[in-house]
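Since the structure comes first, as structure tokens, the remarks are kept for the end.
The values are calculated or read from the model by the stated rules, or taken from the named source; none is laboratory data. Small disclaimer: the values here were computed from a predicted structure and weren't measured. So basically every Cβ, Gly included, is an ideal-geometry build from the backbone, and we count neighbours across all protein chains shown.
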Amino acid sequence: MSPAVNDPTTATEVVLRIGSVLRRLLVCDLPPEAVAGSEGKVLLRPWALNHDEYVEHAFDELRLAGPTQLRVVTTMLRTLRMLVLTVEEAGRPERAPALERQMRLLLDVVERRNDLHPEDFALVRAVSSAETDPADHSSSSPHYTAG
């Protein structure tokens, strides 16, 4: 998001696309850093990212630029929650902490804002959990409602 062109719709779409890519990437094994070829030659990939680094590259800048846009924040939280669920269901729970860290850091930044209406902050908190997200209709738990 550019400070000059505050475009939360494009940022929201970017977050959703990143989530789609990471959904596939985080449940598969990455290629090895070294591959032996014919005639004893070895192909090295010394700058290959691991799963946690892919998560950092995907969300760090958005997390720093997006907290002023409520829609971007809620989309990031929902996307991160979806990715946590995806890796857990795929039997890759060791990949969840990097995603949970991004959620925690994002919530921390939003919490420090002093210009956010209490109802908006309550919505952000509600979206951070499947049990309280008003858009999650898969649970019978009571959802956040604006007063």
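Which helices (runs of 4 or more DSSP H) sit wholly inside segment 1-116 and have at least 3 residues that are under 25 Å from Ala135 (Cα atoms) and more than 14 Å from the chain's Cα centre (by Cα)?
Counting at least 3 such residues, we get 8-25, 70-89, 96-112.
Which residue pairs have Cβ atoms closer than 6 Å, lie 6 or more positions apart in sequence or on different chains, and pair a first residue in segment 48-59 that is surrounded by fewer than 16 Cβ atoms within 10 Å (Cβ to Cβ) with a second residue that is not in a helix (DSSP H, G or I)?
Pairs that qualify, where the first residue is surrounded by fewer than 16 Cβ atoms within 10 Å (Cβ to Cβ) and the partner is not in a helix (DSSP H, G or I), are Ala48/Glu33.
Determine, yes or no, whether Ala135 is at negative phi, assigned to a helix (DSSP H, G or I) and of a type in the set (Gly, Ala, Ser).
It is false that Ala135 is at negative phi, assigned to a helix (DSSP H, G or I) and of a type in the set (Gly, Ala, Ser).
Of all residues in segment 117-131 being under 30 Å from Val27 (Cβ atoms) and outside any helix (DSSP H, G or I), which is modelled with the lowest pLDDT?
Ala130
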